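Here's the structure we're looking at; comments come further down.
The values are calculated or read from the model by the stated rules, or taken from the named source; none is laboratory data. Note that the coordinates shown come from a computational prediction; the quantities given were computed from them, not determined experimentally. Every residue, glycine as well, gets a Cβ built from its backbone with ideal geometry; the counts of neighbours run over all protein chains shown. Note: areas computed on protein heavy atoms with side chains; ligands, DNA, RNA excluded. Shrake-Rupley method; radii C 1.70, N 1.55, O 1.52, S 1.80 Å.
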Amino acid sequence: IPITTQVLTVLLSGLLLGSRWALASQTLYISMGLMGLPVFSEFRNAALFLTGPTVGYVIGFLAAAFITGYIYENSSKNTGNPLRNLFTCFVSCTAGVVLIYLFGFIYLFGYLLTASGSQSFSTTLIITWKLGIQPFLIADLLKIITAVIIVNLNTIRK
C-alpha cells in the first residue's frame, strides 16, 4: 500500500468544498479511474485497481470527504475563536482518516484472509494492522496537520 497525497486531497476537499461537493469530487475521481484513466496511485486504472488490496481505502475516500466536510461545516467555526476552529478542523480531519482506515482495513482484511486461506483470523488481523494501518499513522497525522494549516492560514497569521 503506497503512501500518497490522496488522503490530504480528500481532507482538503471536505474542508474547502463542504460535504456534498467533497463527496461529488471523490465520486468524480473514482469514476475517472473506473473509465480507464490512470488516476489511482502508481497511475493504475480500474483493471489493476479493482483486483488489488487498496480498493477499500479508495472507497473510504467517499465517506471521509463527506464526513470531514460535514463535521467542519456544521461546527460552530464562526465563533471568532481561532483555537476552536483549529480544533474543529483537526477533529473533522481525524474523523475522515479514521473512516479511510476503517474501509481500507475491512477490505484488506478480507483480501488477505481470502488470499492466505490457511492463516487464522487473529493472525490475519495483526498482519492487516501491520500492513494497512501502522505504517501510515505518522504520515497521515502530518497530512491532517498540513490540511489544518492550509485551511487556517489566515487565522494562524494573525
Contour excess over end-to-end distance, with Cα ends at I3 and N74 and 0.36 nm allotted per residue:
22.5 nm
By how many degrees, 0 to 90 and rounded to 10, does the Cα axis of helix 121-132 deviate from the longest principal axis of the chain?
50 degrees
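Over the chain, calculate the relative contact order: mean separation of alpha carbon pairs under 8 Å at least 6 apart, over the residue count, as a percent.
Working: 199 pairs, mean separation 45.4, N = 158.
So the answer I get is 29 percent.
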What distance in nm lies between label points placed 7 Å from Cα along the C-beta direction at W21 and V91?
2.4 nm
Any chance you could give the angle, 0 to 90 degrees and rounded to 10, that helix 6-17 forms with the longest Cα principal axis of the chain?
40 degrees
Provide the gained length on full extension for the span T123 to R84, in nm with one decimal, where the gain is 0.36 nm per separating residue minus the Cα-Cα distance.
9.9 nm
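Which value at 222 nm does the chain reach when only helices count, each DSSP H run of 4 or more adding -39,500 (n - 2.57), with the total divided by all residues and rounded to the nearest 500 deg cm²/dmol? Before the final figure, lay out each step's value.
Working: 8 runs with 118 residues, N = 158.
Roughly -24500 deg cm²/dmol at 222 nm, from the helical runs in the chain.
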Give the label of the value calculated from the structure for semi-axes √(5λ) of the Cα gyration tensor in Å, choosing from (1) 33, 17, 12; (2) 30, 18, 12; (3) 27, 21, 15.
(2)
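Tell me the carbon and sulfur percent of the accessible area for the chain, rounded to whole percent, probe radius 1.4 Å. Write out the running numbers ahead of the final one.
Values: 6160 of 8730 Å².
For the chain, the apolar C and S fraction of the accessible surface comes to 71 percent.
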